[in-house]
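Q: Dropping the structure in here first, questions after.
The values are calculated or read from the model by the stated rules, or taken from the named source; none is laboratory data. Everything numeric in this text was worked out from a predicted model, so none of it was measured. Reconstructed Cβ throughout: ideal geometry from the backbone, glycine too, with neighbour counts over all protein chains shown. Just the protein is used for accessible areas: all its heavy atoms, side chains included, with ligands, DNA and RNA removed. Shrake-Rupley method; radii C 1.70, N 1.55, O 1.52, S 1.80 Å.
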Amino acid sequence: MRLMTAMILAMSISVTAFAKQNTLEGTVKLKKVADSKVQLIYGMVPSGAITVKIYDDFNTLLHTDRILSKKEFSKAYDFSKLAEGKYQIGVFNNSGEIDHLELNLGTDRKVEPVVFSKLEKVENNQYKLLVNSLLPSNMTVLIYENNQLVHEEELFNSKGFQKTYIFNHSRSNSKIEFFVKSDNGFSKLLATK
């Protein structure tokens with residue numbers, strides 16, 4: 001009988017501990033809200049001090065934040081001034097770690113230049129080039145006829161342009177290619193048909 005009572009007591013303690021763990025996991029959350037910003041949401045009244053620890057990729061402790069609060073809270077952490085790499089953020093109470101988040105700065109970001117370019121043959125030897133960019137940058141237009149550079153043009157601090165190019169001395173079966181590139185990494189070869 002004592003064995004049965006001890007087992008029931010042990011099961012009720014483990015179920016209570018498990019239920020408390022699940023409650024903590026649902027109400028305490030680290031959430032990435034921007035490329036370099038993390039929000040801590042603590043949706044319950046803390047039973048003591050809460051500690052937030054931030055480590056770099058080499059497990060070096062960079063920052064410790066001790067929070068004493070008598071009510072629910074949220075706090076933002078800005079990582080924009082840190083170097084590129086992986087960072088670990090942990091939230092701890094007197095029982096141990098409650099939540100954990102791994103943040104990659106710069107290493108998983110690939111910024112694609114946002115540029116649109118289109119080439120259209122208008123008439124026999126006329127070609128309309130349209131280039132639009134979200135951000136102003138220096139651009140270069142190179143025009144090739146049968147793999148020979150025939151025209152080069154530079155535009156400074158431009159958000160785009162539309163221009164018609166006329167080839168007066170071009171043969172009808174010539175291969176015309178436009179190459180557009182910008183300082184922010186965009187480059188595209190546009191061939192006529």
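Q: Where residues in segment 68-89 are farther than 15 Å from L101 by Cα and in a strand (DSSP E or B), which of them is farthest from the chain's Cα centre (by Cα)?
A: First, pick out the residues of segment 68-89 that are farther than 15 Å from L101 by Cα: 68-74, 80-84.
In the following step, the residues that additionally are in a strand (DSSP E or B) were identified as 73-74.
Values: F73: 26, S74: 23 Å.
Checking each candidate, the answer is F73.
Q: Continuing with this model, one more query. If I filter segment 32-47 for residues that are assigned to a strand (DSSP E or B), modelled with pLDDT of 90 or more, closer than 20 Å to S95 by Cα and among the aliphatic types (A, V, I, L, M), do I get at least one hit?
A: no
Q: Every residue in segment 117-152 that is farther than 11 Å from I176 by Cα and not in a strand (DSSP E or B), please.
A: Once the filter is applied, which keeps residues that are farther than 11 Å from I176 by Cα and not in a strand (DSSP E or B), segment 117-152 yields only N124.
Q: Let me ask you something else. Looking at segment 144-191, which of its residues are open to solvent by less than 90 Å² (accessible area, probe 1.4 Å) and of a type in the set (G, A, S)?
A: S158, G160, S170, S174, S182, G185, S187, A191
Q: Take the conditions open to solvent by less than 70 Å² (accessible area, probe 1.4 Å), more than 30 Å from S158 (Cα to Cα) and either outside any loop (DSSP other than H, G, I, E, B) or modelled with pLDDT under 85 (or both) and apply them to D65. Does it pass? Break it down stepwise before answering.
A: Numbers: open to solvent by less than 70 Å² (accessible area, probe 1.4 Å): yes; more than 30 Å from S158 (Cα to Cα): yes; either outside any loop (DSSP other than H, G, I, E, B) or modelled with pLDDT under 85 (or both): yes.
Yes, satisfied.
Q: A further question follows. Among the residues in segment 84-95, are any surrounded by 12 or more Cβ atoms within 10 Å (Cβ to Cβ) and among the charged types (D, E, K, R)?
A: Quick first cut of segment 84-95, residues surrounded by 12 or more Cβ atoms within 10 Å (Cβ to Cβ) only: 85-93, 95.
Cutting the leftovers down to among the charged types (D, E, K, R) gives us 86.
For segment 84-95, residues surrounded by 12 or more Cβ atoms within 10 Å (Cβ to Cβ) and among the charged types (D, E, K, R): present.
Q: Exactly one condition in (1) modelled with pLDDT under 85; (2) at negative phi is not met by Q162; state its number.
A: (1)
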